[in-house]
Amino acid sequence: MLGREIGGLPYGIFIEAIILVLWITVFATTPSEHWKHGGADIISLLGIWLLISIAEVANPGASVIGWFQEIRSAAFYPFLCVSLGLVILRTNRQLDIFLIIIVAWSTIAALNGIKQLYYRPWPGEQRFLDGGGYITHILWGRLRVFSFYSDAGQFGASQAGVGVTTLILALGPFKKKIKYILLVCALLQLYGMLISGTRGALFALLMGVMMAIGLSKNFKAVLIGGSIAVCFVCFLKFTTIGNGNYQIFRLRSAVNPQDASLNVRFNTQRALREYMSTRPFGGGLGVIGANGTAYNADKYLSTVQPDSYFVKIWAMYGIVGLTIWLSIMMYITGKTCAIVWKIEDEGLKIKMMALTAGCAGILFCSYGNEVINTMPSSIVQYLSWALIFATPTIAASQKSTLIA
C-alpha cells in the first residue's frame, strides 16, 4: 500500500532493516535461556537450505545480482524469521497478539478488496492497473481483486490461508463475543478469496480444512467434514449451478482439467522437463520469474513463466534441490501435525491447529502460485512455524486471555 500510494522509497529494503534491528536487539537483550528451545531441527533444516542456496552462487546459469535478489526470499527470510520467532515468541499472550494481528489485517484487506470491486480502487491501485496490471487482473471485463497485496494470486491465497485459520479459531473454547467476531472475519476473508479470482486458493482452503479435521481426533468431525468437502468439490465439478456469478464460475474452473490456463501450465512443465533433464542442480537462483526478467534476460529460463513456486524451485535448484526442498517442507508439515496431535490443553490446541491448517494450505497452494515466498503469506508462514515448534514453551506460560 505504501509503495503504491506514496512511493519514492525502496520499501522492500525496510524488511531487511527491521530484521537486522531485531536481531541486534535480541542478541543484546535476550536472556540465554531463551535460546534453548524445541526448534533445533527446523533451524538445522532451514540452515541447510540456506547453505545450499549460498552455494548456488557458483551456478554459472544465473547472474550474481539475480542470485542475491532471489536468495533473500528463497532462503534468508525463512531462516532468519523462524529463528527470531523461536527466540522471541514464547508465551500465550504473544501467540494471541500474533493471531489478532493476522486476523485483523486480513479482514481489513478483505474490506478493501470489497471496496475495490464494488466502489473503485485507490489512486495507486488504479495506476497499477493502468500501468499493465490490467493484463492479468481484468479478465472478461471483470476485476480480479488484489487489495493491498502485490497481485490477486497472493491476495486470494493469503485470504484462504488466514480464512481457514480464523474459521477454526471461531470453533474454539473462547468467549461467545470473540467467536462471533472471528466468524464474521472468517466469512469476510473467504469472500475476499472468492472475489480474487484465484482458483488455486480453493486448494488452500480444502487442504487447510481437511488438515484441521484430521487433527481434531474426532471421528464424527472427520466423517461429516470430509463429506461436506467432497460434496463441495462435486458441486463445482459436476454442476453448473451459480455460473451466472463470475466468482463462482472462475472458482469452478479450478476443478476443470480442460481449463486452458491449467493446460498452459502443464505444457510449460513438459517443455521444462527436457531442458532441466541435463541440469540436475538447476539454472541458478534468480534465473526465472521477475528476477530472471530483470537480471538474466539472456537466459532461456527467464522467458518461462513459473506460476508454481514448486516449478520455480525446480528451475533454480534442479531436481536435486527440489527433492531436498520438498523433503524439508514435508518434515516441517509432519512435525507440526505431530506437535498439535499431542497438545492436551483445548484452547492451545485449537490455536495451533488453526496455524497448522493455514500453513498446510499455503504450502499446497504454492503448487499453483508463488505464495509461500511472497509477503505477507511468507512472514505469516514462518512465524506460524516458529510458534508451533515453540508449543512446549508456550504451554508452560500463563493461560490465554481469549479463553472463556
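Computed quantities for the displayed model
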read-out: Ordering of 279-288, 156-165, 21-30, 348-357 by burial proxy (mean other Cβ atoms within 10 Å per residue, highest first); value: 156-165, 348-357, 279-288, 21-30
read-out: C-alpha center-to-center spacing [the range 24-56, the range 343-401] in angstrom; value: 18
read-out: Euclidean distance of C-alpha centroids, the range 151-190 and the range 96-126, integer Å; value: 13
read-out: Restraint check, K312/K342; K115/K179; K175/K312; K175/K335, Cα-Cα greater than 32 Å; value: K312/K342; K175/K312
read-out: Kirkwood Rh and Cα Rg combined as Rg/Rh, the chain; value: 0.95
read-out: Rg in Å to one decimal, and Dmax rounded to a whole Å, for the range 92-220 via C-alpha atoms; value: 15.9, 52
read-out: Kyte-Doolittle mean at least 0.0, axial Cα span of 20 Å or more - DSSP H helices of the chain; value: 11-29, 40-55, 92-118, 152-169, 176-195, 201-215, 219-238, 309-342, 346-365
read-out: Relative contact order computed over the chain (Cα-Cα under 8 Å; 6+ residues apart), in percent; value: 26
read-out: Normalised per residue, the volume of the convex hull around the Cα set of the range 257-397 (Å³); value: 128
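Any read-out appearing in this document is the output of simple, stated calculations on the displayed coordinates, not a laboratory observation. Because the structure is a prediction, the values reported are computed rather than measured. In this analysis, Cβ positions are derived from the backbone assuming ideal geometry, glycine residues included, and neighbour counts consider all displayed protein chains.
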